[in-house]
Amino acid sequence: MKSRLFLLSFLLLLVSCGKAPVFSGEILNETFVSPEGLKVQLNDLKGSVGTVVVFFSPECPLCINYTKTIKDLDSLFARSGISFILVYPGKYYSATQISAFSRTYALHEHDVLDPELKIAEKFKATVTPEAILFDREGNIVYSGAIDDWSYETGRKKRTAANKYLFEGITALLESRKPAIAYVEPAGCYIE
């Protein structure tokens with residue numbers, strides 16, 4: 001009897017302690033700056049269905065190589081209520097460098113500077129590029145590598161066989177869980 005009561009109590013505790021949404025709370029209302037000097041809040045950049053936050057760096061070779069993929073995904077899913085936010089963590093690059101990078105590669109996502117690594121720490125990002133897909137409630141649907149084209153630092157395939165972020169967004173739009181919810185990203189370390 002005691003073991004059943006303990007088990008029931010344990011299960012109730014597990015159910016009541018569900019994960020809190022990550023893309024929520026104070027971080028959404030905190031003011032950050034765009035490379036152009038505009039004050040922005042992540043809350044104002046959220047998509048109606050979901051939000052993709054991609055940690056990027058203007059000098060990381062993988063980020064440069066993934067600019068087309070990010071542009072293509074943004075174009076493909078923009079009308080579906082998916083918003084893309086590019087977060088540039090750290091103090092190594094000036095707003096001018098990031099603006100020039102964005103113009104050079106014709107990136108149309110929302111750019112946010114994160115010099116104090118507040119966003120990177122909140123979302124536990126470790127490298128650039130690293131993508132995190134959130135649903136409208138702020139829960140993580142997918143996080144990690146954009147695809148498997150670069151499967152470890154310095155090693156790439158000719159083409160990606162698994163398009164993890166694409167599959168995650170598709171699953172979100174189809175109201176189902178993605179087959180893969182996390183893949184360790186390879187890239188340039190966030191410092």
Q | Answer residue from the range 67-101, given it is in a helix (DSSP H, G or I) and among the hydroxyl-bearing types (S, T, Y) and is nearest to I146 (Cα to Cα) among those | A | T69
Q) Pairs, please: C-beta under 9 Å, at least 6 apart or cross-chain, first residue without any contact (Cβ under 8 Å) to a residue 12 or more places away in the chain and in the range 40-60, second open to solvent by less than 30 Å² (accessible area, probe 1.4 Å) and not β-branched (V, I, T)? A) D44/L28
Q. Quick one: would you say T69 is over 23 Å from P178 (Cα atoms), over 13 Å from the mean Cα position of the chain (by Cα), touching a residue at least 40 places away in the same chain (Cβ under 8 Å) and open to solvent by 30 Å² or more (accessible area, probe 1.4 Å)?
A. no
Q) Checking F32 against (1) part of a strand (DSSP E or B); (2) closer than 18 Å to A131 by Cβ, which single condition isn't satisfied? A) (2)
(Q) Would you confirm whether or not the range 44-60 contains a residue that is at pLDDT 95 or above and more than 23 Å from A186 (Cα to Cα)? (A) yes
(Q) Being touching a residue at least 60 places away in the same chain (Cβ under 8 Å), open to solvent by 10 Å² or more (accessible area, probe 1.4 Å) and among the basic types (K, R) is the requirement here; does K91 meet it? (A) no
Q: Just need a number here: residues in the range 44-66 that are open to solvent by less than 60 Å² (accessible area, probe 1.4 Å) and either touching a His at 6+ places or on another chain (Cβ under 6 Å) or part of a helix (DSSP H, G or I) (or both).
A: 5
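Quick grid of which residues meet (1) assigned to a strand (DSSP E or B); (2) not polar (S, T, N, Q):
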site	(1), (2)
V141	yes, yes
T170	no, no
S175	no, no
P178	no, yes
Q. What tally of residues in the range 72-83 results from selecting those that are loosely packed, with under 14 Cβ neighbours inside 10 Å and of a type outside the set (G, A, S)?
A. 3
Q) Taking the range 158-182 as the search range and keeping residues that are of a type in the set (S, T, Y) and open to solvent by 90 Å² or more (accessible area, probe 1.4 Å), which one is farthest from the chain's Cα centre (by Cα)? A) T159
Q | Subset of the range 112-126 [under 11 Å from the mean Cα position of the chain (by Cα) and not aromatic (F, W, Y)] | A | I119, A120, K124, A125
Q.
Can you tell me which residue is farthest from D114 (Cα to Cα) among those in the range 140-157 that are under 14 Å from the mean Cα position of the chain (by Cα) and open to solvent by less than 30 Å² (accessible area, probe 1.4 Å)?
A. D147
Q | Matching option when the condition is among the charged types (D, E, K, R) and in contact (Cβ under 8 Å) with a residue 40 or more places away in the chain, among E116, E137, E121 | A | E137
Q. So how many residues does the range 94-107 have that are surrounded by fewer than 14 Cβ atoms within 10 Å (Cβ to Cβ) and within 17 Å of K39 (Cα to Cα)?
A. 2
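The values are calculated or read from the model by the stated rules, or taken from the named source; none is laboratory data. Source: prediction; values computed, not measured. Cβ coordinates were reconstructed from backbone atoms using ideal geometry, including for glycine residues, and neighbour counts include every protein chain displayed. Accessible surface is based on the protein model in full, side chains and every heavy atom, while ligands, DNA and RNA are left aside. Shrake-Rupley method; radii C 1.70, N 1.55, O 1.52, S 1.80 Å.
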